[in-house]
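Please treat every number below as a calculation from the coordinates, not as lab data. All values reported here derive from a predicted model rather than from experimental measurement. We place every Cβ from the backbone using ideal geometry, glycine too, and count neighbours over all the protein chains shown.
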């Protein structure tokens with residue numbers, strides 16, 4: 001007697017609510033520097049993956065190497081949700097955070113300057 005096949009359960013992706021990171025203005029340069037260090041360390045690895053991570057063809061020409069090559073190419077380097085794309089997304093997020101920290105620092109500096117100009121003249 002054959003048992004009916006069961007479809008695998010499809011799980012919904014986890015969606016987290018937006019969060020707020022509160023940082024003292026004095027720590028912004030150190031935080032930005034830490035992100036820059038991380039980007040500097042990540043960059044060469046991504047460059048190496050871009051140039052050497054792709055296998056141009058199966059190495060032996062047999063079916064096993066072809067299957068391995070196809071799986072690696074499709075799932076590791078080519079898949080939108082694969083490891084290589086995840087690292088590229090991580091890099092993009094770090095750049096976005098760093099750029100936003102630069103904007104926040106500039107806003108903070110402008111606000112401090114404006115406040116000093118307004119209240120400094122009253123002292």
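Could you calculate the contour length gain from residue 108 to residue 95, that is, 0.36 nm times the residue separation minus the distance between their Cα atoms, to one decimal place in nm?
Going from the current span to full extension adds 2.7 nm.
Each of the peptides 50-63, 16-29 was scored by the mean count of other Cβ atoms within 10 Å over its residues; in descending order, highest first, they stand as 50-63, 16-29. Here, P(r) means the percent of Cα pairs in each 5 Å bin from 0 to the largest distance; for segment 46-123 it is 3, 13, 13, 13, 10, 8, 7, 6, 6, 5, 5, 4, 3, 2, 2, 1, 0.
Relative contact order of the chain: what whole-number percent is it, with Cα pairs under 8 angstrom and at least 6 residues apart? Worked out over the chain, it gives 25 percent.
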